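The values are calculated or read from the model by the stated rules, or taken from the named source; none is laboratory data. For clarity, every value in this text was computed on a predicted model and none was experimentally measured. FYI the Cβ positions are ideal-geometry reconstructions off the backbone, even for glycines, and counts take in every protein chain you see.
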């Protein structure tokens, strides 16, 4: 039994494309972005998570039509045929779906170890061997698949916990409202609810030993229409 071929499926599992040759390697890239929050009185800024970036899957795919290639009973290339015929079928994954008004959402699947929900974001084509009549017989495509997600998928994958509690904190030397907001809410800019809840006229003046109430978010001060968090 030969090595299983990588496939590109629709989200409902229908096969859309099977590679002629499996990639020799692939690269999965994942990044997070963090913002530096400057807080008065601290020797260095606080690091706050801003947002994640979409994962990418990158690889080089090889196409060759010097031999006949079949998948099941379907002929993919005839001997010495124009390799652009099969390349164009792959590139059609970038075409706009008339029902979606956007390119289709795909699943790049390779055995049990890789299943990547994505769209085909880019494909750079290089043709390296030609028939005597001038058409190409061999191609290399450097392709990038970009992760596809939406609010529903994100909600199922990420179990986010919000600051939905009320607690107290005893002030110690070096405490600042911005630092407390970052510690409790992961956002140093949300110091105002703490100041309002505790009636602090000057948020820069905290007394060591003072007990502060850390309100839950979202917070709205009495008599105000402004909501924080």
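Things to note:
- Scanning the range 55-77 for residues that are more than 12 Å from residue 141 (Cβ to Cβ) and in contact with a helix residue (DSSP H, G or I) (Cβ under 9 Å, 6 or more places away or on another chain) gives 65, 69, 76, 77.
- Number of residues in the range 175-219 that are surrounded by fewer than 19 Cβ atoms within 10 Å (Cβ to Cβ), without any contact (Cβ under 8 Å) to a residue 24 or more places away in the chain and within 21 Å of residue 47 (Cα to Cα) equals 1.
- Among all residues of the range 99-115, there is at least one that is farther than 20 Å from residue 61 by Cα, modelled with pLDDT under 95, within 22 Å of the chain's Cα centre (by Cα) and assigned to a strand (DSSP E or B).
- Verdict on residue 153 being surrounded by 11 or more Cβ atoms within 10 Å (Cβ to Cβ) and either modelled with pLDDT of 90 or more or not assigned by TED's automatic domain parsing to the domain that holds residue 103 (or both): no
- Search result, residues across the range 9-49 that are assigned to a loop (DSSP other than H, G, I, E, B) and either assigned by TED's automatic domain parsing to the domain that holds residue 203 or closer than 30 Å to residue 73 by Cβ (or both): 11, 12, 13, 14, 19, 20, 21, 22, 23, 24
- Taking the criterion of being part of a loop (DSSP other than H, G, I, E, B), crowded, with 17+ Cβ neighbours inside 10 Å and in contact with a strand residue (DSSP E or B) (Cβ under 7 Å, 6 or more places away or on another chain), the residues of the range 50-81 that qualify are 55, 65.
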